[in-house]
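First the structure, in the form of structure tokens, and then the observations on it.
Any read-out appearing in this document is the output of simple, stated calculations on the displayed coordinates, not a laboratory observation. Since the model is a prediction, treat every value here as computed from it, not as a measurement. Here the Cβ is made from the backbone with ideal geometry for all residues, glycine too, and neighbour counts use every protein chain on show.
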């Protein structure tokens, strides 16, 4: 009887530990997970909206200004976001780094 009680108690503690560990990784407590989910939601929303010619020119100008970004595995032209990677890089990093966004040939 004592062994059974210990086994049930150990199982309950293990289950509770797993629950707590998962809860701490939820968007409620984890800023990175919250940002990741917001990013995915924005991409899902933007996926159905085609780039305008102006937006494409602005993204291409950003790549020309920062050639290393062009070859980046995530934000580069051949990354998972394609040309949208330039926009996302600017929103996440470039703006805060003081980088310039916009078309080189604006009138």
- Distance in nm between residue 77 and residue 5 label points, each 7 Å along Cα→Cβ, equals 7.2 nm
- Three-way shape label, the stretch 50-107, alpha-carbon gyration tensor, a/c 1.5: oblate
- Query: Angle, helix 2-24 long axis vs. longest principal axis of the chain, Cα atoms, 0 to 90°, nearest 10?
  - Reply: 20 degrees
- Message: I'd like the orientation of helix 31-47 relative to the chain: the angle between its Cα long axis and the longest Cα principal axis, in ° from 0 to 90, rounded to 10.
- Response: 50 degrees
- Query: Relative contact order, percent, of the chain when contacts are C-alpha pairs under 8 Å separated by at least 6 residues?
  - Reply: 18 percent
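Please work out how much length the chain gains when fully extended from residue 37 to residue 24, using 0.36 nm per residue of separation minus the C-alpha to C-alpha distance, in nm with one decimal. The partial results should precede the final answer.
Working: separation 13, 0.36 × 13 = 4.68 nm, distance 1.53 nm.
Between residue 37 and residue 24, full extension yields 3.2 nm more.
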- Note on the structure: Scoring the stretch 50-107 by relative contact order with C-alpha pairs under 8 Å, at least six apart, yields a percentage of 36 percent
- So, in nm, how far is label residue 96 from label residue 52 when the simple model puts each one 7 Å beyond its Cα toward the Cβ? 2.8 nm
- Item | Listed candidates (i) 56, 36, 24; (ii) 84, 28, 22; (iii) 37, 34, 24 - label of the one calculated as Cα extents along the principal axes in Å | (ii)
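For every helix of n ≥ 4 consecutive DSSP H residues, a contribution of -39,500 (n - 2.57) applies; sum these over the chain, divide by its total residues, and give [θ] at 222 nm rounded to the nearest 500 deg cm²/dmol. Could the numbers behind the result be given before it?
Numbers: 5 runs with 63 residues, N = 107.
Mean residue ellipticity at 222 nm (helix-derived): -18500 deg cm²/dmol.
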- Task: Working from Cα positions, state the angle (0 to 90°, nearest 10) between the long axis of helix 53-65 and the longest principal axis of the chain.
- Result: 90 degrees
